[in-house]
Amino acid sequence: MYLANKLSEQPIALDDFQEQDTDAAPRDPIADLFDPRLFRNNADRISERLEKYLGDASLRGLALTDPALLLQSAKALTKPGADTPEAHQNKLAEIIDLYIETGIQVYSRGYMGRQFSGAFPLAGIVDLVSSIVNQPASFYEAAQLPNVAERIMAEELNRFIGYVPERFTMVTTSGGSLANLTALLAARNDRLPRSWSEGLDVAAGTARPAIAVSADVHYSVTRAAGIIGIGEQQIVRLPINRQGQIEVAEVRAALDDAERRGLKVFCLVASSGTTSVGAFDAIDPLADIAAERDIWLHVDGAHGASLLLCDARRHRLRGIERADSLTWDAHKLLFVPAACTLLFYKNRAKAHGAFRQDASYVFEKRADIYAEFDGAEKNIECTKRPMIMTLWVMWALYGRSPFADKIDYLCRLTAQAHDILTDEPEFEPLHAPESNILCFRHQPAGLRLAELGDFQIEIRNWIRAGGRFFISKVDIDGVAALRVVFMNHEIKPEHVRLLLREIRRVGREILDQRPGASHEIGQRV
Ligand SMILES: *Cc1c(COP(=O)(O)O)cnc(C)c1O
């Protein structure tokens, strides 16, 4: 309709209202900063720099700079310099270089440390457009195409979730942590309906409201619990098995026990891909239990929901269409710039149940055709980036394949890494990988059992200091382990072998440097 109106209207000649720009008039310094030619010029230079950055095939980890030194460099750059275009350009180049070189190297083959990923470069360009046009995405009137694109991507991705098309909804949030918080709030307001108006104490009555989570749940979930008024002691931690999944056979007993302690569990959180080992909880049987007891089932798929796009891996989320809500980070395994998270609800009405507020300056009392597309009423954020645009443009141009193929490769690589580790003496993989995360320990001869955890941490630190690889660490059964997360499709099995060789070398050095180092042969752990 807007387009039709636009075509039928007589164009207004803006020039009639504007003073003529005369070359003789002195330039306004603020206007200079908005000069489109300056924009183009800077963008060209920075694109050139980024082209080199993206093409850098060197094996590099994280060049961790002493913060005091970096602060010093940044302070020097903050000092006012000459006020000329050349001086500004030089300083800008220095700042961009410093930005690029310090910090995590997500496009490097040595980067195996975290869940952040190198973004599809085109998605970065779309993000640049978003930054320039700066449309806040919570309201249709302000960000029309992003709101329509949200609707489209919700429908596209729901083909892989399987919610009833007429009933489900999706809202974007700045990160999985915020999505988990929003979902928990929706769950609380649905199962304890008076909590929004009268407070949690009144709404809960005599029972104390509680949530049940995996013993290995992401910290954002327990943090969200605290924010919505669920204390530490009202969190029921469900035991996990060797693979890091919730031990389904023990859930009913744990819930019964919680009830005996006066807790009323209103929400059960399953993880589709735990952060530490990438384990997928069995959704189907957990959905059975949630249904029996009228508990809201939230699935934290921040890391692993993207596996839904892979035909051969979707089974890890079997039963996902039964979850009341699902957190899905696109800035992890969909490779778009952070933050871009999608929060799905099985039942549209419940999404609006998270918040019940009047705000006459933004919310319409009577929904019109525009307000129906607004996300703000189901969203903690007011101003929000039009984050869906990166994902939608990639999807519109290339469809599912680049996402599915990349995820598939990364998961296959992780399985190969597991096999390599299994064959390698003195390395122990700690689980069969279910996605692209793998945890293991190095246990050379001569290492004492009591040192096992500290030794892994030392290895991680030495590897990081070496500057060629970046890996992380995580505690498993209370003992530190090494952790790799493969997010870069340029990493090949040979890079994994190089990493293991480096770990072995570093491990030997650490043992040799010990005071009175004696290789106690035979004292293998
Ligand atoms: C990464 C992660 C989160 C947090 O998401 P952010 O987007 O970093 O806020 C939550 N849950 C799981 C399982 C994660 O892996």
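Throughout, read-outs are computed from the coordinates displayed, never taken from laboratory work. For clarity, every value in this text was computed on a predicted model and none was experimentally measured. FYI the Cβ positions are ideal-geometry reconstructions off the backbone, even for glycines, and counts take in every protein chain you see.
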| request: Taking amide H positions as placed in the peptide plane 1.01 Å from N, state which residues far from THR341 in sequence (5 or more) or on other chains have amide H under 5 Å from it. | output: THR173, GLY175, ALA330
| request: Can you find, among ALA154, VAL126, GLY301, the residue farthest towards the positive end of the dipole of the chain? Put +1 on the C-beta of Lys and Arg, -1 on that of Asp and Glu. | output: GLY301
| note | Percent antiparallel among DSSP beta bridges confined to the range 273-362, rounded to 5, stands at 60
| Mean shadow area of the chain over all directions, Cα convex hull, nm² | 31.3
| message | Show me, for the range 242-247, the HN-Hα J-couplings you get by feeding each phi into the Karplus relation (A = 6.51, B = -1.76, C = 1.60, θ = phi - 60°), rounded to Hz, glycine and proline as x. | response | 4, 7, x, 9, 4, 7
| Taking a threshold of 28 Å on the Cα-Cα distance, which of the pairs LYS332/LYS378; LYS79/LYS384; LYS378/LYS406; LYS384/LYS473 fall above it? | LYS79/LYS384; LYS378/LYS406; LYS384/LYS473
| Considering only the range 148-275, percent of DSSP beta bridges that pair antiparallel, nearest 5 | 10
| note | When SER276, SER325 are arranged by how many other beta-carbons sit within 10 Å of their Cβ, fewest first, they go SER276, SER325
| remark: Put in order of increasing Cβ neighbours within 10 Å, starting from the fewest, VAL133, VAL126 give VAL133, VAL126
| query | Ordered by residue, what ³J(HN,Hα) values in Hz, to whole numbers, does the range 282-287 give under the Karplus form 6.51 cos²θ - 1.76 cosθ + 1.60, where θ = phi - 60° and Gly and Pro are x? | reply | 7, 5, 4, x, 5, 5
| task | Could you list which residues have their amide H under 5 Å from that of LYS473, counting only those 5 or more apart in sequence or on another chain, with H placed in the peptide plane? | result | ARG483
| Whole-Hz couplings from phi, Karplus 6.51/-1.76/1.60, listed for the range 57-70; x for Gly and Pro | 9, 5, 8, 9, x, 9, 7, 7, 8, 4, x, 5, 5, 5
| Taking other Cβ within 10 Å of each residue's Cβ, how do PHE455, PHE470 sort, fewest first? | PHE455, PHE470
| task | Go through the range 362-454 and name the GluC sites (Glu not before Pro) that are in a DSSP coil and have 14 or fewer other Cβ atoms within 10 Å of their Cβ. | result | GLU364
| said: If you filter the range 395-471 for trypsin sites (Lys or Arg not before Pro), then keep DSSP loop positions with at most 13 other Cβ within 10 Å, what is left? | reply: ARG448
| message | Using a Cα-Cα cut-off of under 15 Å, which aspartates and glutamates could be cross-linked to LYS264, ignoring same-chain neighbours fewer than 8 residues away? | response | ASP190, ASP201, GLU232, ASP256, GLU292, ASP294
| query | Considering only DSSP beta bridges whose two residues both sit in the chain, what percent are antiparallel, to the nearest 5? | reply | 55
